[in-house]
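Take a look at the structure below.
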Amino acid sequence: MNIFRFSGDMTHLISILVLLLKIYATKSCSGISLKTQELYALVFLTRYLNLFTEFFSVYNTVMKLVFIGSSLVIVWYMRMHRVVKLSYDKELDTFRHYFLVVASFVLALLVHEKFTFQEIFWAFSIYLEAIAILPQLVLLQRSGNVDNLTGQYVFFLGSYRAFYILNWIYRYFTENHFARLISCISGLVQTALYADFFYYYFISWKNNKKLQLPA
Amino acid sequence: DPEVKVHDEL
């Protein structure tokens, strides 16, 4: 464990807490893409298949359970909660995210560490996470003004993988642990997708104005 | 490298 990876995990955790706060406090999920939440639940379920077979540390196991649990709770809230589901932007959240799942799975079948069940699903989860934010970014552009908590959620979610990139660089030089090419390239693509969001987020913060994404 | 790579990251 190093400071970069720990910061990344904490940033990721904060993004989830901010999203839970927004949904719980406002009893609304307007501006949140259910499709991105479903993709993230799939990412965690397929990435942590070794949850019960390999033990690294209490921290590692607890965080996996928190990520899987929170993503399922959020999907449940948005689909089933009698009040929250009414505020879901169903007509705006129309990204065909099934294509993202199929594309990631096909790519995982072609590019993976080893042709084993766990490795293919691990690669699938890495590829899927890189593009899982797309429905959310599209929804933000369509829904015009973005409420603060939603903006902060996306900001922290986009920042965490940037910390992981620093972690892979650090591990490469210190532990001679060459992070997998799969993680590195996907992590760079994932962070790059947030580039224009980060730009508008920074502008809104600098001018102290509401976050506006151009349609 | 032969060492089995494990996914110790989240």
Determine whether region A:142-151 contains at least one residue that is part of a helix (DSSP H, G or I), touching a helix residue (DSSP H, G or I) at 6+ places or on another chain (Cβ under 7 Å) and within 13 Å of A:THR36 (Cβ to Cβ). yes
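What tally of residues in region A:65-95 results from selecting those that are of a type outside the set (A, V, I, L, M, F, W, C) and outside any helix (DSSP H, G or I)?
So the answer is 8.
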Any residue at all in region A:26-35 that is part of a helix (DSSP H, G or I) and within 14 Å of chain B (Cβ to nearest Cβ)? no
May I ask you to verify whether A:ARG5 is within 14 Å of another protein chain (Cβ to nearest Cβ) and within 19 Å of A:LEU100 (Cβ to Cβ)? no
How about region A:98-125: which of its residues are closer than 24 Å to A:MET78 by Cα and crowded, with 21+ Cβ neighbours inside 10 Å? A:LEU100, A:SER125
In region A:82-89, is there at least one residue being out of contact with any Phe, Trp or Tyr (no Cβ under 7 Å at 6 or more places or on another chain), under 23 Å from A:GLN212 (Cα atoms) and either within 14 Å of chain B (Cβ to nearest Cβ) or of a type in the set (D, E, K, R) (or both)? yes
Would you check which residues across region A:8-24 are buried (at least 19 other Cβ atoms within 10 Å of the Cβ) and more than 14 Å from chain B (Cβ to nearest Cβ) and list them? A:VAL18, A:LEU19, A:LYS22, A:ILE23
Candidates A:LEU109, A:LEU45 - the one that is more than 14 Å from chain B (Cβ to nearest Cβ) and among the hydrophobic types (A, V, I, L, M, F, W, C): A:LEU109
Taking region A:176-208 and keeping residues farther than 17 Å from A:VAL154 by Cβ and among the charged types (D, E, K, R) leaves A:ARG180, A:LYS206
Contact list please: Cβ distance under 8 Å, first residue in region A:52-72 and within 11 Å of another protein chain (Cβ to nearest Cβ) and surrounded by 13 or more Cβ atoms within 10 Å (Cβ to Cβ), second residue of a type outside the set (A, V, I, L, M, F, W, C) and in a helix (DSSP H, G or I), pairs at least six apart or on different chains. A:MET63/A:ASP9; A:PHE67/A:HIS12
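Each value in this text was obtained by applying a stated rule to the coordinates, not by laboratory testing. Every value quoted in this text rests on a predicted model; they were computed, and no experiment measured them. Virtual Cβ from ideal backbone geometry, glycine too; neighbours counted across all protein chains shown.
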